[in-house]
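First comes the structure, then the notes that go with it.
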Amino acid sequence: MIDFELTETQKMMVGTARDFGKEVLGPAEVALDRIADPAEAYESELFRKTLAGAYALGFHKMALPEERGGLGLDPQTTGLVWEELARWGPGLTASLLPAATVPRLVALLAGNKPELVDRFVTPFCEDEQGTHMSGWCSSEAEVGSDGKRYDDPSVKHLTTATRTSGGWVINGAKSDFISNGGIADVHLVFACVDPAQGIRGSGAFIVPADLPGVSTGKPLDKTGLRTLNQAAVYFDDVEIPESYLLFPHGDGYPMLHNSIITVGNLGVGYLALGLMRAAYEDALVYARERVQGGKPIAEHQLIADKLFEAYQAIESARALLWKGSWLSKKSFPGDLKTSLAAKIYATEQAVHHTAEMVQILGGYGISKEYTAEKLARDALLLRIMDGTNETLMIKAAALL
């Protein structure tokens, strides 16, 4: 049976995340969220300084193997840390989640492509300034939810990769929703090699952001998760060597894509869990202090019910996410339908209960004096991150 007792390593990592979150991440998240121009926020010293603090503590490389310079932590431990960081700064934590995409994939393939380790893994693991991070360039203006239709040859990435004598040439554009799109120094790009195979005809390529022909759009001005940089990425005759092809097109594409979805959706679920917990904990403190009708509002039945239902949702979501992480630890990348169930449940509950915590605070719930309104805005984006819940539910149901 699963043991719910945390190990000493897990206690230490969660404690470190809690201290960093309370002292650094939380205040920075609130301040950056309030900057009207997102470009100004991402270019600010506060943004870079906060990322540097997270990198200095190793939060960016938790899942990378120790022999490659990472911390070598298992999925359960990293999940605990993601929850704690998201409790204080869900947007900045969302920036860290895809940051290691390229280094992690390179590390997994190190036996086949050892020359890439020095180029992409070692500098990332040694980074304590937050200058090395990845963008995951999959979605396009015309390929969003359709990107999961592996067996429909009419659906394909419009970004293309054409083989040359020395490697590949990448052309195309990725959508405004590329996480870290405007600040990443390297991208994992899904580009069509064989249009006849549809989405299966796409390969996965490493594309450094400083190559000639790579450019980005303006950062997306969003309702929530405003501290997560998202921007379009463009490729105009970008030349890369043959070795930068990480995964070839063909039948291996669904396996790669599903593996990323399996791991990525757990990460999004932990973001939802952390911010839902933040809204609940803040509302609980307020409800114990706010007196109406001659007693703290926490003692009124309707308010007590809202608080308990939030507590119940937090505990349930955490249990489902822990199971998904346990399955990922047992056999990487884990079980897709469990990860999807955990993400869908956690994000749906987060949207509902952050709104309910706003209601408990009443007028203060919509005031920026408290973080309740921000958390409610943040939660809305998680229902569509890494795939809309509606399309993910269809995908999960087909696996039953």
Here is a check on your reading of the model: is residue 317 part of a helix (DSSP H, G or I), open to solvent by less than 70 Å² (accessible area, probe 1.4 Å), modelled with pLDDT of 95 or more and in contact with a Ser or Thr (Cβ under 8 Å, 6 or more places away or on another chain)?
no
Filter the stretch 74-85 for residues that are within 20 Å of residue 101 (Cα to Cα) and charged (D, E, K, R); the one that is most open to solvent (accessible area, probe 1.4 Å) is 74
May I ask you to list the residues in the stretch 235-276 that are closer than 21 Å to residue 323 by Cβ, among the polar types (S, T, N, Q) and open to solvent by 10 Å² or more (accessible area, probe 1.4 Å)?
258, 259
With within 15 Å of residue 193 (Cβ to Cβ), under 24 Å from the mean Cα position of the chain (by Cα) and either at pLDDT 95 or above or not aromatic (Phe, Trp, Tyr) (or both) as the only criterion, which of 252, 264 stands out?
252
Yes or no: residue 71 open to solvent by 20 Å² or more (accessible area, probe 1.4 Å), part of a loop (DSSP other than H, G, I, E, B), in contact (Cβ under 8 Å) with a residue 12 or more places away in the chain and at negative phi?
yes
Hey, any hits in the stretch 230-249 for a residue that's under 22 Å from residue 106 (Cβ atoms), within 21 Å of the chain's Cα centre (by Cα), part of a helix (DSSP H, G or I) and of a type outside the set (Asp, Glu)?
no
Which residues, taken from the stretch 43-68, are among the hydrophobic types (A, V, I, L, M, F, W, C), open to solvent by 10 Å² or more (accessible area, probe 1.4 Å) and under 18 Å from residue 103 (Cα atoms)?
52, 56, 57, 63
Taking the condition of being buried (at least 21 other Cβ atoms within 10 Å of the Cβ) and free of Cβ contacts under 8 Å to residues at least 40 places away in the same chain, how many residues in the stretch 328-357 meet it?
1
Does residue 384 count as surrounded by fewer than 21 Cβ atoms within 10 Å (Cβ to Cβ) and within 18 Å of residue 262 (Cα to Cα)?
yes
Find the residue count for the stretch 386-400, including only residues that are part of a helix (DSSP H, G or I) and of a type in the set (Asp, Glu).
1
Does residue 184 fit the bill of being at pLDDT 95 or above, in contact with an Asp or Glu (Cβ under 6 Å, 6 or more places away or on another chain) and closer than 23 Å to residue 127 by Cα?
no
Reported set for the stretch 367-380 where residues are open to solvent by 30 Å² or more (accessible area, probe 1.4 Å) and among the hydrophobic types (A, V, I, L, M, F, W, C) is 380
Identify all residues within the stretch 283-313 that are open to solvent by 40 Å² or more (accessible area, probe 1.4 Å) and either in contact with a Pro (Cβ under 8 Å, 6 or more places away or on another chain) or within 17 Å of residue 349 (Cα to Cα) (or both); write none if there are none.
288, 289, 290, 305, 306, 308, 309, 311, 312
State whether the residues of the stretch 226-234 include one that is open to solvent by 30 Å² or more (accessible area, probe 1.4 Å), at pLDDT 95 or above and over 21 Å from residue 62 (Cβ atoms).
yes
Is it true that some residue in the stretch 27-42 is closer than 19 Å to residue 267 by Cα, open to solvent by less than 80 Å² (accessible area, probe 1.4 Å) and out of contact with any Cys (no Cβ under 7 Å at 6 or more places or on another chain)?
yes
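The values are calculated or read from the model by the stated rules, or taken from the named source; none is laboratory data. All values derive from a computational prediction rather than experimental measurement. Cβ: placed from backbone, ideal geometry, glycine included. Neighbour counts: every protein chain shown. Keep in mind that these areas ignore ligands, DNA and RNA; they rest on the heavy atoms of the full protein, side chains included. Shrake-Rupley method; radii C 1.70, N 1.55, O 1.52, S 1.80 Å.
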